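See structure below.
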Amino acid sequence: MAARLVDRVALGDLTQVFPPELVDAVLAKTQDHEVRQRLLPPRLMVYFMLARALFCPEPYREVLRLLAEPARHEGGWGSWRVPDKAAVFRARRKLGAEPFRELLVHAGAAVADERTPGAFWRGLRVMAVDGTTLAVADTAANETALGRVRARPGKGPTGYPLVRLAVLAEAGTHVIVDAVVDSYRVKERVLVEGLAPSLGPGMLVLGDRGLPGAHLWQLLAATGADLLWRIPAIWKLPVEEALPDGSWLSTVRGGQGRSVRAPQDIRVRVIEYTLDVPGRKPGETYRLITTLMNPDRAPAGELAALYGECWEVENTLAELKTTQIGTRTVLPSKSPELVFQEVYAHLAVYTGLRVLMHAAAVSRSEPLDPDRLSFVAALRATRRSVTTFTGSFPPSPPRSRTSQPRP
């Protein structure tokens, strides 16, 4: 009976992004073997975790009912009953987190194209990296493995345990291309190192001033991607060669102080300007470094204006945390491995929603900037689509690749 239910369960409009054949391919890749589960087969559990993220913070039994209800009306429920919490917990542990990261990476790969307004600059796909934290259940396991904020030196911990994540996002679509999730104790720049496999030629990657370091710069630049990062004011970058557009060439000294992992000096181009925008410090000086050395091909004024796209990833993380998850929501998973699974499921769902929004924006006779569409409206519409799904899987939106996970 569970097999019949699995064949009917879907995620409404999100089934276009995560069709059954893709889910099955990801499971075949990431699972050593499929353990027979009469009530909770692996594909059903994948859809359950994605639905749990979509309907956050609804209780798990309500989410299972929402998934199963359309199938019941189509005669696919049979004698299946909503399992107890212990059965769901066991099935989640057997599934792990990797299938959800695979689904995230698949859904987020190369979404923007030539029809997407603002997605490219001079032929380069504009990307951004950033990080944030999420509060998780206050359990001994999470406290030990993940950690939490300490009020001040010498004082005890405060608040909930936290998980830290770093994301790589398309600035033009807000799609999260890849993410790394780990303990709160792991520094953000260390997590960003794990994003390197998703970078490559043809990208221009923006980063805020919390990231720069000689080792990380070398690691990401070695992927072939171009970089444009803001740096702290304390960095000393003297003018070694002045350029006609007001920028200059300088050298970041590797291996200085505690940075022993980057023994090589790094040649960079420096762009400095003052910006007055609402909500920011008046007259604040911005200093950027970039791998784009030629001022004719990459004018300083254009790069300074483009850097504002870095804040788009901040909006992405804000939508994830406040709209999809909920401002006061604490992720309920009680062990670190299930926390990571839950976070990746949220990231996959967020990206799936953004993929649908992009498809809607560019399907018009005059493509619309995806930023002009409401994420709140998309979230609500997709939730409604789950409960009205007929059981006939819709075709996937046009994409630049087949529905197979990365090798």
Residues (in contact with a Gly (Cβ under 7 Å, 6 or more places away or on another chain) and under 16 Å from PRO201 (Cβ atoms)) located in region 113-135: LEU124, ARG125, VAL126
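Yes/no per residue for (1) surrounded by 20 or more Cβ atoms within 10 Å (Cβ to Cβ); (2) under 17 Å from the mean Cα position of the chain (by Cα):
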{"position": "ASP296", "(1), (2)": "no, no"}
{"position": "TRP311", "(1), (2)": "no, yes"}
{"position": "LEU320", "(1), (2)": "yes, yes"}
{"position": "THR327", "(1), (2)": "no, no"}
{"position": "PRO336", "(1), (2)": "yes, no"}
{"position": "PHE340", "(1), (2)": "yes, yes"}
{"position": "SER365", "(1), (2)": "no, no"}
{"position": "ASP371", "(1), (2)": "no, yes"}
{"position": "ALA381", "(1), (2)": "no, no"}
Neighbours by Cβ (under 7 Å, 6+ apart or cross-chain): first from region 355-382, more than 25 Å from CYS56 (Cβ to Cβ); second charged (D, E, K, R): VAL362/ARG115; PRO367/ARG115
Members of region 96-139 that are acidic (Asp, Glu) and surrounded by 20 or more Cβ atoms within 10 Å (Cβ to Cβ): GLU102, ASP130
Boolean, GLY308 is more than 19 Å from TRP248 (Cα to Cα), assigned by TED's automatic domain parsing to the domain that holds GLY207 and not in a loop (DSSP other than H, G, I, E, B): yes
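The values are calculated or read from the model by the stated rules, or taken from the named source; none is laboratory data. Note that the structure is a prediction, hence the values are computed from the model and not measured. Cβ atoms come from the backbone with ideal geometry, glycine included; neighbour counts cover every protein chain shown.
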